[in-house]
Amino acid sequence: YLDEVTPRTAFGGNASRIAVQSTGSLRYDLYAGSVTLDDVWTMNPFADHLWRVAPAVSGGDVRAVLSALHAQAPSAADPRTGPLPRYAATSMPVGDEKYELWTVDFDLPAVVRAYESQTGSAPHPVRMLDGSTSTDLWMRYVQQAWPCNGTAAGGGPPRA
């Protein structure tokens, strides 16, 4: 989701935007083949809105926010892979370039607290994408880019 769906459908490939989200937001794996609307809702049942926490955050501050988030929420154990981080990002910042820091409804309070503690300034979060949700992003991704949905171009709406 954070590697492909968000960067492609929410950010349009804009590498200056980084989304931070808790890893518990996706409940099940989505396997190759036809994808139904029920599959998307089962995997991602929360329909979180996306928020831009701050518009011009240095790469060092983004890394510090991630470190603070990891420090306040210990890793979860996954019997298949071992410890999982509680938070992940769409990409890791390079140097001290400037980035837009994004997150979702559920994680907004924690990301805001981490941002404030690491930068010493208060962000002014703004809801983005005309109110689109994480579930909307999945639906768009499946329609536009799902590699195994049975159409030659990879398009077509998920079945109900």
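Here are some notes:
- Enumeration of residues in region 8-34 that are open to solvent by 30 Å² or more (accessible area, probe 1.4 Å), not in a loop (DSSP other than H, G, I, E, B) and not hydroxyl-bearing (S, T, Y): R8, R17, G24
- Residues of region 99-124 satisfying the condition of being part of a loop (DSSP other than H, G, I, E, B) and either without any contact (Cβ under 8 Å) to a residue 40 or more places away in the chain or surrounded by fewer than 18 Cβ atoms within 10 Å (Cβ to Cβ) (or both): G120, S121, A122, H124
- If you go through region 65-83 and pick out every residue that is modelled with pLDDT under 90 and surrounded by 14 or more Cβ atoms within 10 Å (Cβ to Cβ), you end up with 2.
- Only one of the numbered conditions (1) open to solvent by 20 Å² or more (accessible area, probe 1.4 Å); (2) farther than 24 Å from G131 by Cα is not met by F46, and that is (2).
- Unique residue being surrounded by 15 or more Cβ atoms within 10 Å (Cβ to Cβ) and either modelled with pLDDT of 75 or more or polar (S, T, N, Q) (or both) when the list is V62, V94: V62
The values are calculated or read from the model by the stated rules, or taken from the named source; none is laboratory data. Computed from a predicted structure; not experimentally measured. Every residue, glycine as well, gets a Cβ built from its backbone with ideal geometry; the counts of neighbours run over all protein chains shown. Protein only, heavy atoms only, side chains kept; ligands, DNA and RNA dropped before computing areas. Shrake-Rupley method; radii C 1.70, N 1.55, O 1.52, S 1.80 Å.
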